[in-house]
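Student: Sending over a structure as C-alpha cells; questions will come in a sec.
The values are calculated or read from the model by the stated rules, or taken from the named source; none is laboratory data. What you are looking at is a predicted structure, and each value in this text was computed from that prediction instead of being measured. Positions of Cβ are backbone-derived with ideal geometry, glycine not excepted, and every protein chain shown enters the neighbour counts. Just the protein is used for accessible areas: all its heavy atoms, side chains included, with ligands, DNA and RNA removed. Shrake-Rupley method; radii C 1.70, N 1.55, O 1.52, S 1.80 Å.
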Amino acid sequence: MDVWPHCLKHLEAELAQEDVRTWLKPLQAGLRDGALILFAPNPFVRDEVRQRFLPRIRELARHYGAGAEVTLDVGSPTPARAPLVAAVAGPAASADAFDGNVEPHYTFDNFVEGRSNQLARAAAFAAAQKPGERNHNPVLLYGSTGLGKTHLMHAAGNEMRRLNPAARVLYLRSTTFYEAFFRALQDKTTDQFKRQFQKIDALLIDDIHFFAGKDRTQEEFFHTFNAMFDARQQIIMTCDRYPREVDGLESRLKSRLGWGLSVAIDPPDFETRAQIVLSKAHERGVTLPDEVAQLIAKKMRSNVRELEGAINKLTAQAGFLGRAVTVEFAQETLRDLWRAQQQAISIANIQKAVADYYGLQLKEMLGEKRTRSLARPRQMAMALAKELTEHSLPEIGHDFGGRDHTTVMHAHKKIKALRESDGKLHEDWEKLIRKLSE
Ligand code: ADP
Ligand code: MG
C-alpha cells in the first residue's frame, strides 16, 4: 500500500509546507475494496481535506494505480471487519483476544462534566459499574450531534474493561449492524450472526436512529435486544433524538428502548465549553490562557465537535508558526470560522425560527400586542439574538419593531431566569439553539 506515500510526496512539492503538515501528514491510509481510503484524526481535518485537496489527491491516486475512488473517513484503518467480533469468529478465540472496537482514548477521565451532560454521564457510569442491572439496562443516551454520546458510550466500555479485563464489550455503529446483518442474510449465516451477541457481556450500539425505516434490521435488532436483555447483558444505545420522536421506528421497539434509563444530553453551557476547550488543548500538549478558552467558548456554542475543530486549527497554527496562543492570535486564526458561523445566524433567522417553533406569524411576534402567548416568544427571540449574534442591544431593539434597548435587556434577563426555573422553557431554548446552529 504505497500509493499514499507517493501521493504525499507529490503534494509536498506542490503545496505550502504548512498545509501539508496540518492537513495531509495526519492522514492515515488504508484500503477498502481496493480503493484508497484516508483516515483523518477528526471531522474538521476530514472536511478541510475534502474541500481543498481531495480532487488533486484523486488525480494522483489514479496516477499511481489506486483507481479513481478515494474516500475520506474519520478514525484509523482497521483490518477487515467481516465478523463483528474478531475473537468470537476466529478459531483461537480467547477472552483476552477479544476486540470489540472500544476506543481506548474516550474515557470518563477526559470527559468534562457539566449540567448538560451529567445525567448522561451518570447513566453510562452506572452501567459500567454494574453491567446488566435492571434499573440501568438499557441505557439510552439521546441528543443532537457532537455532544459526547459516542464518547460516553466508549467511556462506559473502557470502564467495564478496567473493572473486569475479561469483559467482552462490543461497540457497533448501527450502520455496521445493518451491513453485517444484510450480509448474513445474503450468505445465509444469520444463525452465526445471532450467536455473536450471545457471547458478549455488553453491546454499545451507536446512532440507532439509523434503523428508521429499515424494517428487517429493526426486527433483528428487536430480537437481539430481547435476548440480551433477558440474559442480563448490558445494552447502551445512542440516538439523535428521543426515540419516540424518530419516525420510522416500530412502536414495539420504541417502547422497549425506554425500559431502562433514557437520558438526554444537551449542548454544554458556557463554563463547560470553556472547560472542554482547556482540556482538549491540554490533550494536544498546548496550554491555553483562560481568556482564549473563554473566547472560543463564547463564540462556539452548539457542538463540541466544532469546538474541537477550532482547537485543532489553533494548536496546529500555533505549532508551526511558533507563536504563543494569545487572544489576538486566536481571533486572527479563527476569524474565518467565526465569520461563517455568524453569517449563518442573523436576527432575521432567529425571528423566523422562533415564530415557526411557536406556530406564530412573524408579524404578530414582532407586533405590539403583549399577550403572554406573543410576549414570551418575542422575549425568547430577543434573548437568542443577544446570545447568538454580535449585535448590540439597540440594534436588536431596532429589528424588533423599533423597541428600546432596555426592553431587549429585560427580555434577555427574564429568559435567563426562566431557563433556570421553567423546564419547558429551558427545553425550548435548547431546541432553538440547536436548530439555529445546524
Ligand atoms: P456525538 O456522538 O454525540 O455526536 P461525540 O461523542 O462524537 O458526539 O463527541 C464529539 C467530540 O466532542 C468528541 O471528540 C468528544 O470527545 C468531544 N466531547 C463531547 N463532549 C465532551 C465533553 N463533555 N468532554 C470532553 N469531550 C467531549
Ligand atoms: Mg456519535
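Student: What residue, of L295, L314, is open to solvent by less than 10 Å² (accessible area, probe 1.4 Å), away from ligand 2 (no atom under 16 Å from the Cβ) and more than 18 Å from the chain's Cα centre (by Cα)?
Tutor: Just one listed residue meets the conditions, L314.
Student: Continuing with this model, one more query. Out of Q118, Q129, Q198, Q186, report the one residue that is open to solvent by 50 Å² or more (accessible area, probe 1.4 Å) and either within 16 Å of ligand 1 (Cβ to nearest atom) or in contact (Cβ under 8 Å) with a residue 40 or more places away in the chain (or both).
Tutor: Checking each option against the conditions leaves just Q118.
Student: Yes or no: L172 within 16 Å of ligand 2 (Cβ to nearest atom), open to solvent by less than 30 Å² (accessible area, probe 1.4 Å) and in contact with a Gly (Cβ under 6 Å, 6 or more places away or on another chain)?
Tutor: no
Student: For segment 231-270, name all the residues that are more than 12 Å from ligand 1 (Cβ to nearest atom), in a loop (DSSP other than H, G, I, E, B) and of a type outside the set (G, A, S).
Tutor: R232, Q233, Y242, V246, D247, L249, E250, W259
Student: Can I ask one more? Can you pull out the helices (runs of 4 or more DSSP H) entirely within segment 320-438 that have at least 3 residues that are under 30 Å from A293 (Cβ atoms)?
Tutor: So the answer is 327-344, 347-358, 372-388, 393-399, 405-421, 423-437.
Student: Since L163 meets every condition but one in (1) aliphatic (A, V, I, L, M); (2) within 16 Å of ligand 2 (Cβ to nearest atom); (3) surrounded by fewer than 15 Cβ atoms within 10 Å (Cβ to Cβ), which condition does it not meet?
Tutor: (2)
Student: Then there's this: List the number of the failed condition for I205; all other conditions in (1) surrounded by 15 or more Cβ atoms within 10 Å (Cβ to Cβ); (2) over 28 Å from the mean Cα position of the chain (by Cα) hold.
Tutor: (2)
Student: Counting only residues that are within 16 Å of H105 (Cβ to Cβ) and polar (S, T, N, Q), which one in segment 143-160 is farthest from ligand 2 (Cβ to nearest atom)?
Tutor: Filtering first and then ranking leaves N158.
Student: While we're on this one: Given the criteria crowded, with 16+ Cβ neighbours inside 10 Å, closer than 24 Å to S302 by Cα and hydroxyl-bearing (S, T, Y), does T407 qualify?
Tutor: no
Student: A126: away from ligand 2 (no atom under 13 Å from the Cβ), over 30 Å from G213 (Cα atoms) and in a helix (DSSP H, G or I), yes or no?
Tutor: yes
Student: With respect to R232, is the statement that it is under 23 Å from F108 (Cα atoms), open to solvent by 10 Å² or more (accessible area, probe 1.4 Å) and in the same structural domain as E250 (by TED's automatic domain parsing) true?
Tutor: Answer is no for this residue.
Student: Something else now. If L249 satisfies all but one of (1) surrounded by 20 or more Cβ atoms within 10 Å (Cβ to Cβ); (2) more than 28 Å from Q118 (Cα to Cα), what's the number of the condition it fails?
Tutor: Among (1) surrounded by 20 or more Cβ atoms within 10 Å (Cβ to Cβ); (2) more than 28 Å from Q118 (Cα to Cα), the lone unmet condition for L249 is (2).
Student: Moving to a separate point now. Scanning segment 410-435 for residues that are over 26 Å from the mean Cα position of the chain (by Cα) and hydrophobic (A, V, I, L, M, F, W, C), which turns out surrounded by the most Cβ atoms within 10 Å (Cβ to Cβ)?
Tutor: A411
Student: Okay, next question. Give R256, R232 a once-over and let me know the one that is under 25 Å from the mean Cα position of the chain (by Cα) and over 22 Å from S116 (Cα atoms).
Tutor: Exactly one residue qualifies, and that residue is R256.
Student: Considering only segment 387-404, state which residues are buried (at least 16 other Cβ atoms within 10 Å of the Cβ) and acidic (D, E).
Tutor: E387, D399
Student: Report, ordered by the first and then the second residue, all pairs with beta carbons closer than 7 Å, sequence separation of six or more or different chains, a first member in segment 231-248 that is closer than 18 Å to R121 by Cβ and in contact (Cβ under 8 Å) with a residue 12 or more places away in the chain, and a second member that is surrounded by 15 or more Cβ atoms within 10 Å (Cβ to Cβ) and among the basic types (K, R).
Tutor: T238/K149
Student: Would you pick out the residues in segment 100-127 that are at pLDDT 95 or above and of a type in the set (D, E, K, R)?
Tutor: D109, E113, R121
Student: Further question: Filter segment 132-149 down to residues that are near ligand 1 (Cβ under 10 Å from one of its atoms) and either outside the structural domain of P243 (by TED's automatic domain parsing) or not hydrophobic (A, V, I, L, M, F, W, C) (or both), then give me how many there are.
Tutor: The qualifying residues number 7.
Student: Just give me the residues in segment 210-246 being more than 17 Å from F182 (Cα to Cα) and in contact with a Ser or Thr (Cβ under 8 Å, 6 or more places away or on another chain), in sequence order.
Tutor: T238, D240, R241, Y242, P243, listed by residue number.
Student: Sticking with this one: Among (1) in contact (Cβ under 8 Å) with a residue 60 or more places away in the chain; (2) over 30 Å from E308 (Cα atoms), which single condition is T224 missing?
Tutor: (1)
Student: Being part of a helix (DSSP H, G or I), more than 11 Å from D73 (Cα to Cα) and not aliphatic (A, V, I, L, M) is the filter here; which residues of segment 22-43 pass it?
Tutor: T22, W23
Student: Next up: Among the residues of segment 150-183, what is the count of those that are part of a helix (DSSP H, G or I), closer than 20 Å to K214 by Cβ and of a type outside the set (S, T, N, Q)?
Tutor: So the count comes out to 7.
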